[in-house]
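The values are calculated or read from the model by the stated rules, or taken from the named source; none is laboratory data. These figures come from a predicted structure and were not determined experimentally. Here the Cβ positions follow ideal geometry from the backbone for every residue, glycine too, while neighbour counts run over all protein chains shown. All accessible areas refer to the heavy atoms of the entire protein, side chains included, with ligands and DNA or RNA removed. Shrake-Rupley method; radii C 1.70, N 1.55, O 1.52, S 1.80 Å.
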Amino acid sequence: MRIDKLLSNIGYGSRKEVKQLLKTGAVKADGVSIKDAKTHVDPSEQVITVHGETVDYREHIYLMLNKPGGYLSATEDSVQETVIDLLEMEDAVYKPFPVGRLDKDTEGLLLLTNDGQLSHQLLSPKKHVPKTYYATILGKVTEEDAAAFKQGVELDDGYVTKPASLVILSADEQSEIHITITEGKFHQVKRMFEAVGKKVTYLKRISMGPLLLDESLELGEYRELTEEEVEALQNAKAVEL
């Protein structure tokens with residue numbers, strides 16, 4: 001990779017600013033100054049330093065965020081805060097984006113990465129990667145609701161959902177449930193319950209494929225995925241509900 005592109009990618013400024021930096025002799029590869037912006041380097045084989053500090057360059061970044069309510073699942077918005085605003089600059093410079101979306105008021109597991117191939121793989125309709133949510137529901141959820149979800153329910157726009165798995169944790173005037181779906185239509189879980197005459201009052205995603213929300217993460221906190229978690233996502237298989 002060209003040295004100007006590498007340094008620009010990880011936050012050392014625009015290409016123009018990086019060229020000015022290079023002219024000062026502050027950038028070195030294996031101890032040798034680089035002043036030509038077109039010079040190609042291999043950060044996996046060479047030690048790149050700027051003002052004596054080693055540059056940590058990675059092509060891809062994988063982050064698990066425990067999304068709080070009030071943030072958009074987007075990379076930027078001119079008015080509202082996005083999940084990217086929760087990241088430290090050292091992670092934000094890799095330009096990660098949300099894999100799929102959680103509604104603004106929905107909490108829980110959100111994967112952020114700059115790995116477009118993995119994102120496409122996880123979101124592909126052909127893959128049917130399962131996503132499980134915990135929810136509180138206004139109204140008594142019944143086994144009839146579970147049976148309806150198993151068949152697929154018709155949403156307000158006429159779309160019939162794919163089969164979903166509904167587990168009733170408690171059933172009363174306010175119920176608690178786990179629901180697993182394999183697609184991601186707009187406000188899908190909320191609209192599925194509306195289809196059976198009930199209302200979602202709280203929604204939290206707890207898993208996506210093999211990736212489980214790290215319960216030690218407070219709302220708004222995130223961590224990098226382990227190598228094992230990344231590998232599990234890359235090998236995620238479709239499921240039948």
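One decimal place: the segment ASN9-LYS140 gains 42.0 nm when fully extended, by the rule 0.36 nm per residue minus the C-alpha distance. Between HIS51 and ARG101, the C-beta separation translates, for a Förster distance of 41 Å, into a calculated FRET efficiency of about 0.55.
Restrict the search to region 146-186; then list the chymotrypsin sites (Phe, Trp or Tyr not before Pro) that DSSP places in a loop and that have at most 15 other Cβ atoms within 10 Å of their Cβ.
Numbers: sites: PHE149, TYR159, PHE186; in loops: TYR159, PHE186.
Sparse-neighbourhood loop chymotrypsin sites (Phe, Trp or Tyr not before Pro): TYR159, PHE186.
Could you state the accessible area per residue of region 1-137 in Å², with a 1.4 Å probe and every protein chain left in place?
Values: 7110 Å² over 137 residues.
Normalised by residue count, the accessible surface of region 1-137 is 52 Å².
Give a quick list of GluC sites (Glu not before Pro) in region 86-116 that DSSP marks as loop, anything other than H, G, I, E or B, with at most 13 other Cβ atoms within 10 Å. Filter output for region 86-116: GLU88. Expressed in Å, the radius of gyration and Dmax of the Cα atoms of region 1-160 are 22.4, 72. In a GNM of the chain with a 10 Å cut-off on Cα contacts, which of VAL79, VAL129, VAL18 has the highest mean-square fluctuation? Highest fluctuation of the listed residues: VAL79. A Förster radius of 35 Å combined with the Cβ-Cβ distance from GLN174 to LYS237 puts the calculated FRET efficiency at roughly 0.50. Computed over the Cα atoms of region 89-219, pair by distinct pair, the Kirkwood hydrodynamic radius stands at 15.6 angstrom. Within a straight-line Cα-Cα reach of under 15 Å, LYS198 can be paired with the following aspartates and glutamates, leaving aside sequence neighbours fewer than 8 residues apart in one chain: GLU143, GLU144, ASP145, GLU154, ASP156, ASP172, GLU173, GLU176. Between SER33 and ASP85, full extension at 0.36 nm per residue minus the direct alpha carbon distance yields a gain of 15.2 nm. So for region 66-194, if I pair up every lysine 8 or more residues apart or on another chain, how many of those pairs have alpha-carbons under 21 Å apart? So the count of such lysine pairs works out to 26.
Seen from all sides and averaged, what is the projected area of the convex hull of the Cα atoms in region 1-81, in nm²? It would help to have the intermediate numbers written out before the result.
On the way: hull surface 28.3 nm².
Taking the Cα atoms of region 1-81, their convex hull projects to 7.1 nm² on average.
Charges were assigned to the Cβ only: +1 to each Lys and Arg, -1 to each Asp and Glu. The resulting dipole of region 28-124 about its Cα centre is roughly 220 debye.
Inter-label distance, GLU227 to HIS187: 4.5 nm, where each label sits 7 Å from its Cα along the C-beta direction.
Centre-to-centre separation between the Cα atoms of region 130-190 and those of region 38-109: 32 Å. In a DSSP loop and with at most 15 other Cβ atoms within 10 Å, the trypsin sites (Lys or Arg not before Pro) in region 104-176 are LYS104, LYS126, LYS140.
How large is the charge dipole for the chain, taken about the Cα centre, if only the Cβ atoms of Lys, Arg (+1) and Asp, Glu (-1) carry charge, to the nearest 20 debye? Each step should come with its number before you reach the end.
Numbers: 29 positive and 41 negative charges, 194 e Å.
Taking the Cα centre of the chain as origin, the dipole is about 940 debye.
Within the accessible area of the chain, the carbon and sulfur atoms contribute 48%, probe 1.4 Å, all protein chains present.
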